[in-house]
Amino acid sequence: MSGEETQCWPKRPARQEALSFSPPDITQAEIDEVADTLRSGWLTTGPKTQQFERDFAAYVGSSCCLGLGSATAGLFLGLKALGIGPGDEVITTPYTFAATVNVILHAGAKPVLVDVKQDDFNIDPELVERAINHRTRAVIPVHFAGHPCDMDRIGDMAEKRGLDVIEDAAHAIGAEYRGKRIGSLSRLTVFSLHAVKNVTTGEGGMAASDDVELMNRLRTLCLHGMDKDAWRRFAPGGRWKYDIVAPGYKCNLTDIQSAIGIHQLRRAEAMLARRREIVAIYRRGLGGLELLRLPPEPSRGRHSWHLFPVVLDFSRLRIDRDGFIEQLADRKIIANVHYQPVHLFSYYRTLGFKPGDFPVAERLSRGEVTLPLYTRMTDGDAEDVIGAVRDIVNTHAK
Ligand SMILES: Cc1ncc(COP(=O)(O)O)c(C=O)c1O
């Protein structure tokens, strides 16, 4: 006898309804604000976007925010506004959504990928340092799942070597590093407001910075290169005339989207608190499982708990990762995978990347399953997930 107490988990009845992966949390306030916008006569970028940008800047602790059509657009415009292009290299992680790497190619620069750390899935600063050369212009750290990267080391290194840091904070609204909100630390930070994100506008993105000049460049680039947007031209006191000062793009955030965002943001802290409650239930219920590794809490900050990624040891199970996800689906629980490392996608292989290039990312990805985590989940839903995971592990353990 080991002397340890055997923990028993009562079997739960089979679920009747499927548990979604990450539906949005929309209240009457968002619906009313959208209706108000539709009735107002101003649908595109205007007063609601201005308000949302102001509120967002206050929440993340930056002096300036710009609403955009997506985080992808924000990352791309950031590179363009910083003058990064052909001949330049940008260092980032393979353990991310393809958009992080695609934008470097869109800007005409070369993506240089470096492996991640085993514990938190985030870019390894040691490897960033080794990858820097005279062509390196920027680093794009990704706060995977909402776990803040080691920003002290990345920031110090970038400063010493004269590099820009553009944080991909698609997952990280509300995350903090050493008591400071993500959004207040680097030259530029970009958040996603996609439908599955902690704070959503359906689709959308938000760029944050203290560098007003840089943000003015982004603002111009995001709307055709015009020196004034329509609201500034047609609001009382405005003038119709404008100039085109750059061959810009079209990726502004509309007032219909911002109407949703204003109320989402007001509930950001309450929604994060609910996410933390679910995380605590998962920790209690899955903590003792030997074949499963839980995501760590940050040692120097606050997690935004956009995702709950667990890593299973499939060498000790008779099913693989895809089989595990199918078994969860059979129990009416929809899980996901974050991520298939970018370098393994067929397009990226044509650039010379190959399996084995980033062994930590590849190993993590093979074992990773993202469990449902969203604010409207009940405690019972979380218990169902725990019951299903434990059942599958017990049934298929070697
Ligand atoms: C890490 C990461 N970066 C960038 C993006 C792109 O965000 P968006 O869909 O807002 O363009 C995503 C989207 O999921 C993401 O997960």
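The values are calculated or read from the model by the stated rules, or taken from the named source; none is laboratory data. Because the structure is a prediction, the values reported are computed rather than measured. No Cβ is skipped: glycine too gets one built from the backbone with ideal geometry, and neighbour counts run over all protein chains shown. To get the accessible areas, we keep the full protein, side chains included, count just its heavy atoms, and leave off ligands, DNA and RNA. Shrake-Rupley method; radii C 1.70, N 1.55, O 1.52, S 1.80 Å.
Annotations
- Single residue of the stretch 97-122 satisfying the filter (buried (at least 20 other Cβ atoms within 10 Å of the Cβ) and acidic (D, E)) that is farthest from L292 (Cα to Cα): D115
- Selection within the stretch 85-122 - in contact with a Gly (Cβ under 9 Å, 6 or more places away or on another chain) and away from the ligand (no atom under 14 Å from the Cβ): G85, P86, G87, D88, A107, G108, A109, K110
- If you go through the stretch 57-82 and pick out every residue that is within 14 Å of the ligand (Cβ to nearest atom) and not in a strand (DSSP E or B), you end up with 11.
- The set of residues in the stretch 182-225 being of a type in the set (A, V, I, L, M) and open to solvent by 10 Å² or more (accessible area, probe 1.4 Å) consists of L185, A195, V196, V212, L221, L223.
- Being of a type in the set (A, V, I, L, M), in the same structural domain as A361 (by TED's automatic domain parsing), in a helix (DSSP H, G or I) and touching a residue at least 12 places away in the same chain (Cβ under 8 Å) is a condition met by no residue of the stretch 297-307.
- Evaluating V34 against the criteria (1) more than 23 Å from the chain's Cα centre (by Cα); (2) within 16 Å of the ligand (Cβ to nearest atom) leaves one unmet condition, (2).
- Residue check, I132 at pLDDT 95 or above, more than 15 Å from L188 (Cβ to Cβ), more than 18 Å from the chain's Cα centre (by Cα) and not acidic (D, E): yes
- Apart from one condition, A58 fits all of (1) open to solvent by 40 Å² or more (accessible area, probe 1.4 Å); (2) closer than 19 Å to A170 by Cα; (3) in contact (Cβ under 8 Å) with a residue 60 or more places away in the chain; (4) among the hydrophobic types (A, V, I, L, M, F, W, C); the exception is (3).
- Residue in the stretch 172-180 that is within 22 Å of the chain's Cα centre (by Cα), within 14 Å of the ligand (Cβ to nearest atom) and not in a loop (DSSP other than H, G, I, E, B) present: no
- Some residue of the stretch 77-96 being surrounded by fewer than 18 Cβ atoms within 10 Å (Cβ to Cβ) and over 30 Å from T254 (Cβ atoms): yes
- Residue ID - nearest to the ligand (Cβ to nearest atom), chosen from residues in the stretch 159-171 that are buried (at least 24 other Cβ atoms within 10 Å of the Cβ) and more than 26 Å from V34 (Cβ to Cβ): D168
- Of all residues in the stretch 226-270, those that are surrounded by fewer than 16 Cβ atoms within 10 Å (Cβ to Cβ) and touching a Cys at 6+ places or on another chain (Cβ under 9 Å) total 1.
- Test result for S315, part of a helix (DSSP H, G or I), assigned by TED's automatic domain parsing to the domain that holds S365 and more than 19 Å from the chain's Cα centre (by Cα): yes
- Any strands (runs of 3 or more DSSP E) falling wholly within the stretch 95-169 and containing at least 1 residues that are within 22 Å of K197 (Cβ to Cβ): 136-140, 164-168
- Residue ID - nearest to A207 (Cα to Cα), chosen from residues in the stretch 23-46 that are open to solvent by 30 Å² or more (accessible area, probe 1.4 Å) and touching an Asp or Glu at 6+ places or on another chain (Cβ under 7 Å): T44
- Residue in the stretch 206-214 that is within 16 Å of the ligand (Cβ to nearest atom) and assigned to a helix (DSSP H, G or I) present: no
- Residue in the stretch 269-280 that is more than 18 Å from the chain's Cα centre (by Cα), assigned to a loop (DSSP other than H, G, I, E, B), on the phi < 0 side of the Ramachandran plot and modelled with pLDDT of 95 or more present: no
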